[in-house]
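Read the structure below first, then the notes.
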Amino acid sequence: MDERVNKDMAGFAAAIDYDAELMLRVKGGDNASFGVLLEKHRCPVIHFLYRMVQNQAVAEELAQEVFLRVFRSRGSYERTAKFTTWLFRIATHLALNSLRDGKHERMQESLDVEVDDQPVRQVSDRRPTVEESMVYQARLGEVREAIATLPQKQRAAVLMHKYEEMEYSQIAKALNCSESAVKSLLFRAYETLRARLAHMA
Amino acid sequence: MNCPMENREGEELLVNYVSGALDAQEAAAFDQHMITCAACRQFAHGQRAVWKALDVFEPASISADFDRRLYQRIEKVSWWDRMVAALSSPMLTHRGLPIAAAAAALLVAGVVWERPSATPAKPKAPLSAEAQSLQADQVQNALDDMEMLREFNHLMRSEPAESKM
């Protein structure tokens, strides 16, 4: 058990060092390392932003801004925390600002009409029937709406916890609040989601 | 095992149980507890349903030209980065000076652009609104970046001190 924990910790530390090391190389002028960081973190950042704003075009635009800011901040980057925590802090900051500025007032509308944003379902060996597709779309609509109606910070906390598997401490740093505040945000959010989605069991 | 439903720490345990974040020993203890506790069983059932329902929300596919667009934007702003780097050179080591210089540059640019001309201006190629807003945005973004990084570094530095307390 202890050996496994030590191994996990070593892997974790190595991961910290690797991303931060790459960022320090970017700081030193190695733009290829920025490409490596982009390749590694592009999907998680866009997926997080997509679930936050529920609009793929806006999510990509915000993600561009995130990576642009990472690149432009390279000169003053310091290895003070895990790279992904810093990255998601920027992403969260931009997403919350964007939502707060009311740039996504059409979000509710987008839940119904933006067919292009719909995820491509992975079908293993056959095409889904019309009925299955309708059931899936209905469930997806319910989930998207349930997430969209959460207060913004609760939404960000749930998305980082559920989909990015971030620890409470990382979420706290990304949201610039205490760990206990994150737990409180999460429990209230899950309480709301249980009330809205428990029937989907 | 005391019932986790009785306090806030218990809720954390319940959420961790459903998300698979408990170690095997803790999970087994909670499994044992649920045999006799209907409230916890109900909570776990509801939370598990939420956890599973959220899996439906798959991300959409990413545009094929995402990287190309990003690198184009990086290229566009690189001139500004060079200017910031020049302002941050060893000759200007004072911490607040680059920000002050950038803000001053913005103010000067604003005054120059807004100043009414004493004589009718000769027809000349106007600075496009797009270019003006781009420069203003870039200044604002650069200031935002510096402020965010400064706050983040401050937060990170203060944490070890707090944890020792």
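Numbers for the structure displayed
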item: Other protein chain Cβ atoms within 10 Å, averaged over every residue that makes up A:42-50; result: 3
item: Inter-chain Cβ neighbour average for residues A:190-198, partner chain, 10 Å; result: 6
item: Cut-off 12 Å between beta-carbons: net charge of the residues surrounding A:LYS153, Lys and Arg +1, Asp and Glu -1; result: +3
item: Simple label model, 7 Å out from Cα along Cβ direction - A:THR149 to A:CYS43, nm; result: 3.2
item: R0 of 30 Å, Cβ-Cβ distance A:SER184-B:ALA24: FRET efficiency to nearest 0.05; result: 0.60
item: Anisotropy class of region B:4-54 from Cα gyration tensor, a/c 1.5 cut; result: rounded
item: Within 10 Å of each Cβ in B:62-68, the average number of Cβ atoms from other chains; result: 4
item: Qualifying trypsin sites (Lys or Arg not before Pro) for region A:125-201 [loop in DSSP, other Cβ within 10 Å: at most 14]; result: A:ARG126
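Read-outs: derived from the displayed coordinates by stated rules, not from any lab. Because the structure is a prediction, the values reported are computed rather than measured. For neighbour counting, all protein chains shown are included, and Cβ atoms are generated from backbone atoms with ideal geometry for every residue, glycine included.
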